[in-house]
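What follows draws every value from the coordinates through simple rules; no lab data is involved. Just so you know, these numbers come straight off a predicted model, no measurement behind them. Quick reminder, even Gly has a Cβ in these numbers, built from the backbone with ideal geometry, and neighbours come from all protein chains shown.
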Amino acid sequence: MKIITLNDHLKSIYGTKVYKLSLSSGCTCPNRDGKLSYGGCTFCSAMGSGDFILNGIPLQQVPNVTQTTPLLPNASMLHAEYIQPDTHEQLEYAKKLVASKISANIPESERKYIAYFQSFSGTYGDNDHLRKIYTEAISDDSVVTLSIGTRPDCISDECLDLLMELNKIKPVWIELGLQTIHENTALRINRCYPLDVFEDTYSRLKAAGITVIVHMILGLPGESHEDMYASMRYLAELSPSLDGIKLHLLHILKGTKLAEEYAAAPFHIMSLEEYIEVVVNCLTILPDETVIHRMTGDGPRRLLIEPLWSLDKKNVLNRLNKAIREH
């Protein structure tokens, strides 16, 4: 088995490690604002998977700001006590967060980053607003790539034109939240779009020359190992070939619909050993050229209900890498 990690892939292009800066677009999601549903997917936290982002600054900490200060379009995750930081503020904050990971021997002028708009659906908003924030992000000389997390049903033709325009300036990655190919699971997690929507959007993005990374969750309620492997085989057979994948461990987080479901009727949670076995088998299915962006995921300690073993991320990654080497 041969795998290409994101770290190795970026080093081959830029000759150095590239760090990801987690940012917020201020957008919400059609699965939250009532267009499709309310509350989002059952596993999604109140911050839309952006729990580590500077999503909002408390008003009392910002000088000369009042309760009437407008929020960004579609910024439904922000309420009356918060304002949305501008893109520059978010970039500087995110750089400070990752600074401790970067060798002091690398001067700031030589550090390279990915501007990753992570939370909610980063293409679900007014196109003028999206143009503004994404242009601001790639205008930072240290940013080498723009990465946007979104849903397949949130990329209009107008948005696709914008992505193509930005992609001519700096590489644009679109991260699509698919999670599973199985419609019964999609209904259970309230994904609110069918598989053919993903297929159409994937084809349009690839035809436009946009790099596509797909998010998959391993351990969704009711799914067997074979169900997960079937999702991997589907992705392995995509044409054009899949650029990258993020494998996420299912986290049950406080305050989510999934947490309510688990409390009422507990379902199977994979052990670390089981998860390692599933990940290794998934990697053997995927094409060698698919870049592996992630093999697990972070769950905020203050919110995580299960699996608690995932809190020791260093151990999880060490065990995964050991299993891959042995395989």
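Between S239 and R325, the contour length at 0.36 nm per residue exceeds the Cα-Cα span by 28.1 nm.
Where does the chain land at 222 nm, in deg cm²/dmol rounded to the nearest 500, when only DSSP H runs of n ≥ 4 count, each adding -39500 (n - 2.57), divided by all residues?
Helix contribution divided over all residues of the chain: -10500 deg cm²/dmol.
In this label model, D128 and Y229 are separated by 5.4 nm, measuring between points 7 Å along each Cα→Cβ vector. The region of the chain that goes longest without hitting one of the trypsin sites (Lys or Arg not before Pro) in a DSSP loop, each with at most 11 other Cβ atoms within 10 Å, is 3-167. Amide H contacts under 5 Å for Y19: K112, Y113, I114, restricted to partners 5 or more places along the chain or on a different chain, H placed in the peptide plane at 1.01 Å from N. Between K168 and D8, the distance separating the two model label sites (each 7 Å from Cα on the Cα→Cβ line) works out to 3.5 nm. The Cα center of region 209-277 and the Cα center of region 129-156 differ in position by 25 Å. Does region 4-326 come out rounded, prolate or oblate by the C-alpha gyration tensor, with a ≥ b ≥ c the root eigenvalues, rounded set by a/c under 1.5 and, if not, prolate when a/b is larger than b/c and oblate if not? Rounded shape, in that the Cα axes give a/c under 1.5.
Cross-link reach is defined here as a Cα-Cα straight distance under 22 Å, omitting same-chain residues fewer than 8 places apart; for K168 the lysines meeting it are K11, K20, K112, K132, K206.
What is the antiparallel percent of DSSP beta bridges lying wholly in region 144-234, to the nearest 5? Don't skip to the end; give the middle numbers.
On the way: 0 of 11 bridges.
Around 0 percent antiparallel, to the nearest 5.
Remark: relative contact order (the chain) = 19 percent; criterion is Cα-Cα distance under 8 angstrom and separation of 6 or more residues. Antiparallel beta bridges, as assigned by DSSP with both residues in the chain, represent about 15 percent of the total such bridges.
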